[in-house]
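Just below is one structure, and these are the notes that go with it.
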Amino acid sequence: MILDATCVPVDIRYPTDHRLLNECREQLEKIIDALHAPDVGIMAKPRTYRNNARKDFLGLELQRKKGIAAIQKSIGEQLSYINRDLKIVDYYIEQSPERLELLSSRFKENLKIIRTIYIQQKQMYENQTHRVDDRIVSIAHPYVRPIIRGKAGQSVEFGVKLLISVVDGYVLIDYMSFDNFNEGIYLIQSVELYYKRFGHYPEAIQADTIFRNRRNRTWLKKRGIRLSGPCLGRKPKDPEKLKERRITERNDAAIRNQVEGAFGVLKRRFGLDLVKERSEESIRTTIALTVLTKNIHQMLAVISVQNSAILIFFRRPSDSELDLPVDKVIDRIA
């Protein structure tokens, strides 16, 4: 059983705070237009200063090199515009609650998301930080969270984090979440899923260093399951035992490479390098169906190899092979 985790990116633009706030402001302006529709020609629409807000946003967006002070200033400006727009929306709703029916279901949902984004961004702006719980990075995908992977070239990804196990070339999803998580605490759950699927525990588990904590080691040792990687404690003094342990560790590392190959096949060949569905349920379904398709492809490949071996074994011997002993003919065909 091979364990590892990966991130499946979702098709969203790389988020920045001032762009996200600009999108919130534009959405609020559309909501205000919809709420003011019955008063067109009767009452003046409250000022939103949308032209000034657009100029302030472009003043930073069109800069090639954006300084920290300029970014903070732009965020503060957009927060003030959003605060003003939210007060206008609240005023319309308080004066005429029935005006909510003028908003589409999409506008109503976006209004809730924008209120949460405003609270989060204001908290980060006032505390001069970039971290907040359950941070929303997209209005269209409010369930997507930043997932820090610490890889070269792309330290942060936005999508679904998967914990998968590979058994005999087949990929099995053990855990899936839009929130970042420590995959090491889910090893016991994955092993129990293995037992539920196959009726017995695995002989060995090839996993990364994050899975090799004392809790997991103790739990696996009680069940006679070997965990890959160096053992705790001192190295054996016997040269033969030390050599045997190093060979086992090297073989485990080679076997664990299969999971990296599975990630590459899923992302490059089967399209998990970028999921373009919109809703959370659609994304989860797409990932599950993609993994299923990959496993079907693996099964068909195994069947094809077995059938080819059978056809080769039962081919008709050539005229030159008819005079040879049967065992030598079989060896030559094999």
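The values are calculated or read from the model by the stated rules, or taken from the named source; none is laboratory data. Worth saying up front: this structure is predicted, and the values here are computed from it rather than measured. Glycine also receives a Cβ, built like all others from the backbone with ideal geometry; neighbour counts cover every protein chain displayed. What goes into the accessible areas is simple: the full protein's heavy atoms, side chains included, and nothing from ligands, DNA or RNA. Shrake-Rupley method; radii C 1.70, N 1.55, O 1.52, S 1.80 Å.
Observations
- Positive contributions from Lys and Arg (+1) and negative ones from Asp and Glu (-1), summed over other residues with Cβ under 10 Å from the Cβ of Ala53, come out at 0.
- Ranking by accessible area, most exposed first, for Lys108, Lys161, Lys243 with a 1.4 Å probe: Lys243, Lys108, Lys161
- Measuring nothing but protein heavy atoms, the accessible surface of the chain at 1.4 Å probe radius is 53 percent carbon and sulfur.
- The chain: DSSP helices with Cα axial extent of at least 15 Å and average Kyte-Doolittle hydropathy no lower than -0.5: 68-95, 187-198, 280-313
- Cross-link partners of Lys161 among aspartates and glutamates, defined as those whose alpha carbon lies under 12 angstrom from its own and excluding same-chain residues fewer than eight positions apart: Asp4, Asp174, Asp179, Glu183.
- Pairs over the 29 Å Cα-Cα cut-off, from the set Lys55/Lys87; Lys30/Lys267; Lys196/Lys276; Lys30/Lys122; Lys196/Lys222; Lys73/Lys276: Lys30/Lys267; Lys196/Lys276; Lys73/Lys276.
- The fraction of all Cα pairs in the range 155-218 landing in successive 10 Å bins from 0 to the largest distance is 18, 52, 26, 4, given as whole percents.
- Each residue was assigned an accessible area with a 1.4 Å probe, and for His200 the value is about 90 Å².
- Computed label-point distance, nm, for sites Tyr195 and Arg214 using a 7 Å Cα→Cβ extension: 2.3 nm
- Additional length obtainable on full extension of the chain from Lys112 to Glu203, 0.36 nm per residue less Cα span: 27.7 nm
- Under the simplified labelling scheme, the Glu280-Glu249 pair shows an inter-label distance of 4.2 nm, with each label point 7 Å from Cα along Cα→Cβ.
- Take the convex hull of the alpha carbons in the range 42-93; its mean projected area over all directions comes to 4.1 nm².
- For Asp4, residues with placed amide H under 5 Å, excluding near neighbours: Ile164
- Length released on extending from Asp39 to Asn180, taking residue separation times 0.36 nm less the Cα-Cα span: 46.1 nm
- Summing Lys and Arg as +1 and Asp and Glu as -1 over all other residues whose Cβ lies under 12 Å from the Cβ of Ile119 gives a net charge of +1.
- Each Lys and Arg contributes +1 and each Asp and Glu -1, all at the Cβ; summed about the Cα centre of the chain, the dipole is approximately 1160 debye.
- Proximal lysines to Lys243, defined as alpha-carbon separation beneath 20 angstrom and excluding residues fewer than eight positions away on the same chain: Lys235
- Helix-only [θ]222 nm of the chain, DSSP H runs n ≥ 4, -39500 (n - 2.57) each, per residue, nearest 500: -17500 deg cm²/dmol
- Label-to-label distance, Asp11 versus Lys241, with points set 7 angstrom from Cα along the beta-carbon direction: 5.8 nm.
- Sorting 96-105, 266-275 by their mean Cβ neighbour count within 10 Å, with the most densely packed peptide first, gives 266-275, 96-105.
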